[in-house]
Each structure stands twice: as structure tokens, then as C-alpha cells.
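Have a look at the structure below, then the notes.
The values are calculated or read from the model by the stated rules, or taken from the named source; none is laboratory data. The structure presented is a predicted model; accordingly, all values stated were derived computationally and were not measured. Every residue, glycine as well, gets a Cβ built from its backbone with ideal geometry; the counts of neighbours run over all protein chains shown.
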Amino acid sequence: MLNKPAFPQSVIDAYAKAGSWPQRDIYAFLSDAAENQPNKTLIVDRFGRLSYAEALAQTDALAGNLQSLGVGRGDRVAVQLPNWRYFPLMEYALARLGVVIVPLPPIYRQRELRLMLGLAEPVMAICPDSFRGFDHAGMFHDLQKEIPSLRHLAVIGETRPDGALDFFDLLRPNKADLPPPLDPNIVTEIAFTSGTTGEPKGVMHTANTNFCPLINLIEDQKLGADTVVLMASTFGHQTGFAYGGQLPVIVGGTVVLMERWDAKQGAALIDQENVTWMMGATPFLQDLTDAVESGAGHCRSLRIFLCSGAPIPRSLLIRAQKVLGAHVVSGWGMTEVGLTTLSRLDDPAEKIFGSDGRPLRGMQIRVVDADDKPLPDGEEGELQCRGPTLFAGYWLRPDVTAASFADGRNAGDGGWLRTGDRARRDVDGYIRITGRSKDIIVRGGENIPVVEVEDLLHKHPRVQVAAIVAIPDPRLQERACAVIVTRDGGSFDMAQMLAFLEREHLAKQYFPEHLVVMDAMPMTPSGKVQKYILRKKVLEIIGVSDVA
């Protein structure tokens, strides 16, 4: 399945002819850039500076040593690292070998990883010994006992479990004969998303589907070798993976990595490294704007800030553009399609501040009713899209893939993807995201898998009914609130809830930050919680306005 093109040849030919698919892999872009500008800095991180020539040499060493371990075409390798140079180097090395990368954010713990690794069946994992006080190496060592495919564990750091490899040994020169270049239409990445149900789904991308939105963006914003990217979003998600790991290489630019977002440090780095371009969710934009207003830096080199992650307060876009003196544009996308809509640099103010952009080249969008029938401009409905950025399906989930398309066709057949987001489209083709049909909460750009958290809470002996609803937040846009009906009217407090979720190894990023205990919940006749009614009640109880 992973050793043949993910799309029909007719689709490949059509998108290649249209210029949407470059028909190259990331290693080819890296090789060209290293030949043309070997001494130019590609990566700046906590370890210093890495040139294109050094990056290529280390990529080749990684590829050769991984091959010597028996890692080969079609295998999967999981990478859970902070934003260090070794994450993008693994992107490039695995692409060279035709190995599928499984990027994982550092916040994921046993519960999430057990499910994801069980699906992906990687032959190898790369992790730090510890990061921010958590023992990642020990966690993966334990997971090896549950994941039979996980033969190798390579650790960055001095503390390694028995049998684990020293990652730096993989950087030693290795002159192994490598396989022919990868077909860019074969799956190169499985990126996990919790989707609508909280159940992990592995989104499959090829080099071409990942590059397509990047090339569109490069054309639209005229990015080039003078582009310096600041990337604080994790490489374990698509923003870091694509716009931090791949975009700089394609244009021959530089990327400055932050392993942990700190707005004052970010402003200082922008000034120090002459950063010209940045992308992040709403909290990044708000924090940076606040930092510059407080005198933390001037950020005069910053030319563009792309804010992606609806809903984006329009007042923030206006204030940020004024304070930062940069073009602040908004866009919409998701793991399955990458960046799909974007407001343009020369758009009138009402389009930049009042929309989430219009489709990028080659992409189509529509707004439909409950029967998948297109709605007139101005009416709210579900947003659907199709085009050359669409993913190749969900790993080992053909049924879920089929259900994700509205017309019985998949991405390769020109099918319309159900995004689960609600939107309006104006007469000029610009959309405005109005909400989500999906049962998830987006906290600072991070999806909280509502069903998974609810399921865990239902395991607590004092909990009879549990529901999670979104609470508006001026900085993170949303926070999760747990609503509980206890058994026999017993007590239940925040400390009990947090201690229980920690024992269950839920990632702390998913912990509810509010708790409301009620006598009963509004229910449908079929026994389902009426969440829109519940959320309204909760907002009244805690005294929060429905506008962030």
C-alpha cells in the first residue's frame, strides 16, 4: 500500500501539468539548495546554526545509518521531538529512504501514543531522554513492550533505557548505497488528528500534497531566499512540519526554531535574526502583539504574520497589524488539506479583517446544507473543499475515509471533503468561518478530543454523566469545561478531576480548565446531551460572555 502511488496516474498527470504538484521530494530541494548556497544558514536553534551543506551531510548520514538498521521503504518511523534541528533532519532523511514519518507532538503521553503507534506500527521511534521534566525515553521503552513492531528506539540525551540507541551515533558518516529517489506520489507522512470523535486518525500525505499549499503560499506572498521563518509551533503538527521543516528549504531561506513559545523571547529572536515571516495560531499573534506593545522588541523586520486557526478575533487582526507594522493575514486549513484559503497582502481591509480568505490556486470550496446541496452566497452551512492539496486518505481506515467525502468519491476522484467547519461565503469567494460541527474544542490551535476526555471522566466512580463544552477565552479562543452529574449527588471537585486524569495519563494539554457540577443535563428524547443548551447554561453559571 505504501510502496505505490496514492493517486491514479491521470490525477498525477493533471496536477503536475497544472503546476500544482512539483513532482519532487524534500530531499531533492535540500540537495539543490546545498549545492547552490552551501554555507548559508538553514536552521537556527538552541544548538546554534546549521548550514545547508551541514544539513545535507547529516541527512545523508542519518539515511545511511537508518538503512543499516534495516529501516527501509514503506516502513514507518515515529518522531517525538521538540523543535530541535533533528526533527527536520529526520524529515529529510526519511524522505530520502522512502520511509513514512509519523510526527508526534511532545505533549502526547502513553494514552494517545498507545493508540497512534498501535495503528501506525512504526519500526522505530526517535525521542529525547527527557523534555520539560518528562521522561520520554522511559515512556517509549514501556511502549515497546506493547507495540511489537517497535524494534528500535533512538534517544537524544545521556540517559537511555537498556537497548536504546544513541541518536548521535546515527549522525556518524555512513557511505551506504541508498535507494533510488522517492516517487513523490507515494505516502511520506502519517499525521495523526483526533478529528470529530476523539479517535485518532492517521492522515496520509505525499510529498506533492504537502508541497502544494506551500508552493501556492510562496507564489502568493512572493517568498524567496531572503525569507527568514520563526517557527514556534510544534513539528509534531502540520504547521511546524510543513511551514518550519519544508517551506524554508523550498525557497532556500532560513528557519529559526523555538522549542517553547515565549512572546518576549520570540520578539527578541525576530529582531536578532531579522525574521521576515511567521505563522501561528491566534495565541501566538496576540502574545507577540502584547509583547511588542510592552516594549519587548520592535519586530521591524517582520513582513508577514499568517494567522491560521479560526475563530480569529477581527479586533486582534487590526491591532496586530498596527502594532507589528507587518502584513497580518488570515487563512483556513486543516491537517487533511493544509492551507486552503488565504487573505491576500493587497486585499482591501474589509477582506483581510472580515474573512478567512479565498481559495488558493487549484482549490475549490463550497458551502452546503445538511443534504450536501450548495447554498447561496451569504448563507451559513458546512464548508467543503477539493483540489490538489487533499490528503490520500486515513491510514487503514477506508470506511472513515469514504464517510469523509460528500459525494461517494475520494480525493483522487475529485471528491468534496466534509470539513466539519461551518462558514459563509461572500460574492467574491471569501469565506468566514462561523463555528464547527465537529465535537472538538480548539485551545490555542490545539484540538482537544472531547469524546476521549468524556470517556475517561465516565470511568471515575463518582461520575454518572460527563460532558465537555467550550468556554470562550480572550487569548486561547477556547478552554474546555467539564460538566458533571455525580452519582447520588456526591461531591466532585477540580482537584479530584485533575488527579484522576493525570493517573489516566491524559496529556495535560487536554485537561479541562473549568468544572461545573449539575443535578441533571438537558437531554434529547434519544438520550443524548443537548450540548448547545448545556453550553448556554454553563456560560450563565460561570458568568462568561459568549464572545471571546
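Points to keep in mind about this one:
- Arg319 farther than 28 Å from Arg425 by Cβ and not β-branched (Val, Ile, Thr): no
- Residue within segment 387-403 that is closer than 24 Å to Trp21 by Cβ, among the hydroxyl-bearing types (Ser, Thr, Tyr) and not in a strand (DSSP E or B) present: yes
- The set of residues in segment 102-115 that are surrounded by fewer than 19 Cβ atoms within 10 Å (Cβ to Cβ), assigned to a helix (DSSP H, G or I) and of a type outside the set (Lys, Arg) comprises Gln110, Leu115.
- For segment 363-386, filtering for residues that are buried (at least 19 other Cβ atoms within 10 Å of the Cβ) and either assigned to a loop (DSSP other than H, G, I, E, B) or touching a His at 6+ places or on another chain (Cβ under 9 Å) (or both) leaves 1.
- The set of residues in segment 16-36 being under 30 Å from Arg260 (Cβ atoms) and either more than 25 Å from the chain's Cα centre (by Cα) or surrounded by fewer than 22 Cβ atoms within 10 Å (Cβ to Cβ) (or both) consists of Phe29, Ala33, Ala34.
- Given (1) outside any strand (DSSP E or B); (2) on the phi < 0 side of the Ramachandran plot; (3) at pLDDT 90 or above, index of the condition Ile471 fails: (1)
- Yes/no for Thr206 being hydroxyl-bearing (Ser, Thr, Tyr), modelled with pLDDT of 95 or more and within 17 Å of the chain's Cα centre (by Cα): yes
- In this structure, Ala137 does not satisfy being modelled with pLDDT of 95 or more and part of a strand (DSSP E or B).
- Test set (1) crowded, with 20+ Cβ neighbours inside 10 Å; (2) in contact with a His (Cβ under 8 Å, 6 or more places away or on another chain); (3) not aliphatic (A, V, I, L, M) - Pro161 fails condition number: (1)
- Restricting attention to segment 297-319 and to residues that are in contact with a helix residue (DSSP H, G or I) (Cβ under 8 Å, 6 or more places away or on another chain) and hydroxyl-bearing (Ser, Thr, Tyr), the residue that is modelled with the highest pLDDT turns out to be Ser301.
- Filter result for Arg409 (surrounded by fewer than 22 Cβ atoms within 10 Å (Cβ to Cβ), in contact (Cβ under 8 Å) with a residue 40 or more places away in the chain and not in a helix (DSSP H, G or I)): no
- Check on Leu170, in a strand (DSSP E or B) and either buried (at least 22 other Cβ atoms within 10 Å of the Cβ) or under 16 Å from the mean Cα position of the chain (by Cα) (or both): no
- The criterion of being in a helix (DSSP H, G or I), crowded, with 24+ Cβ neighbours inside 10 Å and either at pLDDT below 95 or assigned by TED's automatic domain parsing to the domain that holds Phe87 (or both) does not hold for Thr188.
- Condition met for Ile304 (buried (at least 24 other Cβ atoms within 10 Å of the Cβ), touching a strand residue (DSSP E or B) at 6+ places or on another chain (Cβ under 7 Å) and within 24 Å of Ile43 (Cα to Cα)): no
- Taking the conditions (1) at pLDDT 95 or above; (2) surrounded by 24 or more Cβ atoms within 10 Å (Cβ to Cβ); (3) touching a Ser or Thr at 6+ places or on another chain (Cβ under 8 Å) in turn, Lys201 satisfies each one other than (1).
- For first residues located in segment 474-498 and assigned by TED's automatic domain parsing to the domain that holds Glu454, partners that are of a type in the set (Ser, Thr, Tyr) and lie 6+ apart or on another chain with Cβ distances below 7 Å form the pairs Gln477/Thr282; Phe492/Thr486.
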